[in-house]
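Take a look at the structure below.
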Amino acid sequence: MDRVKLGNTDIEVSRLCFGSLTMTPFQANLSVEEGAKLIQYAYTKGINFIDTAEIYDNYQYIKEALKNINREDYVIATKCYAYSKEMAAESLELALKELQTDYIDIFLLHEQESIHTVRGHYEAIEYFLKAKKMGKIKAIGISTHRVSGVFAATQYDEIEVVHPIVNKAGIGIQDGTINDMLEMIEKAYNMGKGIYGMKPLGGGHLIGQSKEAFNFVRNIPSIHSFAIGMQSREEVDCNVNLMETGEIPEYLSESLKKKKRKLIIADYCIGCGNCVKTCRQNGIEIIDGKATPNERCILCGYCARNCPEFCIKVI
Ligand code: SF4
Ligand code: SF4
């Protein structure tokens, strides 16, 4: 698989990034061993780039996988919500400790919305800049579901990598169309920012048109790489084939078409509304005392972590 330099950083990544959220207990629920083997399998197929986050709570899968991966040849991107230097220090130390590594390749501030949000998190950025000087971080970035988030990255030299939501239908973009997003991404790319997209299949909504949706993002010249969740070897093979040839092999296509992801709410939901408060997409509401997802849900699974009854799952 082709590798590219991520903007002006010195980091070289495969054009496909392993989205690791889907292997966690709230989604595919792979064991640590199964998840680690899958990451290793993807690495043998050329995927040297993995995306995680503190809230995914899956560092243990990656730590296990790293036992059979050349760390120097592997790129780990993680994210946190820190806004103070203390929080940033805690998040970095947690990642280093749980991943058992000396450095994180890309540390991102999670879900940045605009220039104001970035300003509000600037103390954390300052901490990461110091950590970068000490060799504990190689590059600093942000993830965002907003065009205004990508714009914010263009206003800060310190932000070297951007992880924006991008898919052909514009699903999950909170403040504009896919064309608005592409225009801003191109601007950031031309400034030398490393760009790796997220949710090329709209969190699963575009699974019925996987090939077209995948190729849409694959063919955007201003996107260096993009993350896609993979839960099985079959999915790894399919995505690697798509990246390399633009096609899904016949033998994989039928079984993958049957996969339709959805958000499941168990009957024992108590209607507390925590999920509604967590969701930034307005993708879930309380109807008749029970949480009910709507068409705005992008199946990110973030709400599941805040459910006191553990009754949300993406399957
Ligand atoms: S957080 Fe869980 S229990 Fe509370 S409303 Fe949402 S699904 Fe129901
Ligand atoms: S309802 Fe949950 S899974 Fe859907 S978009 Fe909101 S946080 Fe994500």
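The residues of region 294-315 that are in a helix (DSSP H, G or I) and either more than 7 Å from ligand 1 (Cβ to nearest atom) or over 18 Å from Lys199 (Cβ atoms) (or both), listed by number, are Tyr302, Ala304, Arg305, Asn306.
For region 202-224, check the following and say yes or no: at least one residue is aliphatic (A, V, I, L, M) and within 18 Å of Thr52 (Cβ to Cβ). No, because not a single residue in region 202-224 is aliphatic (A, V, I, L, M) and within 18 Å of Thr52 (Cβ to Cβ).
Scanning region 265-290 for residues that are among the aliphatic types (A, V, I, L, M), more than 8 Å from ligand 2 (Cβ to nearest atom), surrounded by 12 or more Cβ atoms within 10 Å (Cβ to Cβ) and assigned to a strand (DSSP E or B) returns Ile265, Ile286. Criterion applied to Gln174, Gln209 was being surrounded by 13 or more Cβ atoms within 10 Å (Cβ to Cβ), within 16 Å of ligand 2 (Cβ to nearest atom) and either part of a helix (DSSP H, G or I) or within 17 Å of the chain's Cα centre (by Cα) (or both), and the one residue passing it is Gln174.
A count restricted to region 1-57 and to residues that are of a type in the set (Gly, Ala, Ser), over 19 Å from Met198 (Cα atoms) and crowded, with 23+ Cβ neighbours inside 10 Å stands at 1.
Here, each number is a calculation from the coordinates, and none is a lab measurement. Nothing here was measured: the structure is a model prediction, and the numbers come from that model. As a convention, Cβ positions derive from the backbone with ideal geometry for all residues, glycine included, and neighbour counts pool all protein chains shown.
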